[in-house]
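Comments concern the structure below.
The values are calculated or read from the model by the stated rules, or taken from the named source; none is laboratory data. This is a predicted model, so every value here is computed, not measured. So basically every Cβ, Gly included, is an ideal-geometry build from the backbone, and we count neighbours across all protein chains shown. Note: accessible area is taken over every heavy atom of the protein model, side chains too, but ligands, DNA and RNA are not part of it. Shrake-Rupley method; radii C 1.70, N 1.55, O 1.52, S 1.80 Å.
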Amino acid sequence: MKLFDSELRVMQVLWENGDSSAKDIAAALGKQIGWSKTTTYTVIKKCIDKGAVKRADPGFICHAEISLDEAREYETDELISRMYNGSADMLAASLLSSDRLSKEEIGRLKELVNKLR
């Protein structure tokens, strides 16, 4: 499921805090990024319409219907498909050939590859 940046903001609050009222989500996003209550409720509604969030009453309690790992997997698959012609090894090569990764990150990647063998 494709989540836009604004929708990911709502989801992040739910992933970090667990089930939350729409009011609490609005308060959190108001502090973090200055969103109004109306803006937050509009984005929550979009998440509900997509099936990413489930609403329960009383109290307009929101529950994340997808996990952070599921969202990451979707976004990673989209990136690999769109930018690397579906080739995950080309993404890995791009990361490894740049100066973005620290020695510690490279070490963790090596450990992951060794575990997969």
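For the range 9-117, the carbon plus sulfur part of the accessible surface works out to 52%, probe radius 1.4 Å. Across the range 58-117, the fraction of Cα-Cα pairs farther apart than 16 Å, rounded to a whole number, is 63%. Solvent-accessible surface of the chain, taken per residue with a 1.4 Å probe and all protein chains present: 70 Å².
Near Val53, the amide H atoms lying under 5 Å from its own belong to Ile48, Glu65; only residues 5 or more places off or on other chains count, and H is placed 1.01 Å from N.
What FRET efficiency, computed as 1/(1 + (r/R0)^6) with R0 = 30 Å and r the Cβ-Cβ distance, is obtained for Lys46 and Glu105, rounded to the nearest 0.05?
Working: r = 34 Å, r/R0 = 1.14.
About 0.30, to the nearest 0.05.
For the range 8-110, the relative contact order is 21 percent, taking Cα pairs closer than 8 Å that sit 6 or more residues apart in sequence and dividing their mean separation by the residue count.
For His63, the shell of other residues with beta-carbons less than 9 Å away shows a net charge of 0, using +1 for Lys and Arg and -1 for Asp and Glu. Taking a Cβ cut-off of under 13 Å around Gly51, the surrounding Lys, Arg, Asp and Glu residues balance to a net charge of +2, with basic ones at +1 and acidic ones at -1.
Have a look at Ser94, Ala64, Leu79 and report the one farthest towards the positive end of the charge dipole of the range 60-115, computed about the Cα centre with Cβ charges (Lys/Arg +1, Asp/Glu -1). Farthest towards the positive pole: Ser94. Among Gly107, Gly18, Gly59, the largest mean-square fluctuation in a Gaussian network model of the chain, built with springs joining Cα atoms closer than 10 Å, belongs to Gly107. Charged side chains reduced to their Cβ positions (Lys and Arg at +1, Asp and Glu at -1) give the range 49-109 a dipole of some 100 debye around its Cα centre.
A dipole drawn for the range 15-54 from +1 and -1 charges on Cβ atoms has a positive end, and of Gln32, Asn17, Gly51 the residue lying farthest that way is Gly51. Placing +1 on each Lys and Arg Cβ and -1 on each Asp and Glu Cβ, with no other charges, gives the chain a dipole about its Cα centre of roughly 200 debye. The phi-based Karplus calculation (6.51 cos²θ - 1.76 cosθ + 1.60; θ = phi - 60°) puts the 3J(HN,Hα) values of the range 97-112 at 7, 9, 8, 6, 9, 7, 4, 5, 5, 5, x, 5, 5, 4, 4, 4 Hz, whole numbers, x for Gly and Pro.
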